[in-house]
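These notes concern the structure reproduced below.
The values are calculated or read from the model by the stated rules, or taken from the named source; none is laboratory data. What you see is a predicted model, and the numbers here were worked out from it, not measured in a lab. Cβ atoms come from the backbone with ideal geometry, glycine included; neighbour counts cover every protein chain shown.
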Amino acid sequence: MSDRTDYSLKIGSLLLKYVSALLGLVAAYFLTIQSLRLDLAVKADDATVDMLDKKLTNIEVIIKEGMLSRDQFYTFSSRVESRLARIESLLEQKTGEKLGEN
């Protein structure tokens, strides 16, 4: 009986080693896949952040180039007011009545 018991223990021990090796391989496979997914996600996030940063920089440049200074705005505003006043006076002369009065 002791030979049979020793043989059973050896088979059980060998089977346990194979099962644990198999589980180790499966765990290594899934950890590798997960690590690759994580690396790809980080790279995708970095690429997205870089793209958004470039777009924001372009928008800032457009805004800075297109913005008027305070003096330029007041000059533009006064020119528009004088043109509107001139148009209003021409319309009053043409119709013979003031605008806004019916």
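Scanning for something out of contact with any strand residue (DSSP E or B) (no Cβ under 7 Å at 6 or more places or on another chain), among the hydroxyl-bearing types (Ser, Thr, Tyr), free of Cβ contacts under 8 Å to residues at least 40 places away in the same chain and loosely packed, with under 10 Cβ neighbours inside 10 Å, does the stretch 85-97 turn up at least one residue? Taking every residue of the stretch 85-97 in turn, at least one turns out to be out of contact with any strand residue (DSSP E or B) (no Cβ under 7 Å at 6 or more places or on another chain), among the hydroxyl-bearing types (Ser, Thr, Tyr), free of Cβ contacts under 8 Å to residues at least 40 places away in the same chain and loosely packed, with under 10 Cβ neighbours inside 10 Å. Across the stretch 1-12, what is the number of residues that are exposed (fewer than 10 other Cβ atoms within 10 Å of the Cβ) and in a helix (DSSP H, G or I)? Going through the stretch 1-12 one residue at a time, the tally reaches 4. State which residue is farthest from the chain's Cα centre (by Cα) when the search covers only the stretch 6-31 and only residues that are modelled with pLDDT under 90 and among the polar types (S, T, N, Q). Within the stretch 6-31, the match that is farthest from the chain's Cα centre (by Cα) is Ser8. Only one of the numbered conditions (1) loosely packed, with under 10 Cβ neighbours inside 10 Å; (2) of a type in the set (Lys, Arg); (3) modelled with pLDDT of 85 or more is not met by Lys64, and that is (3).
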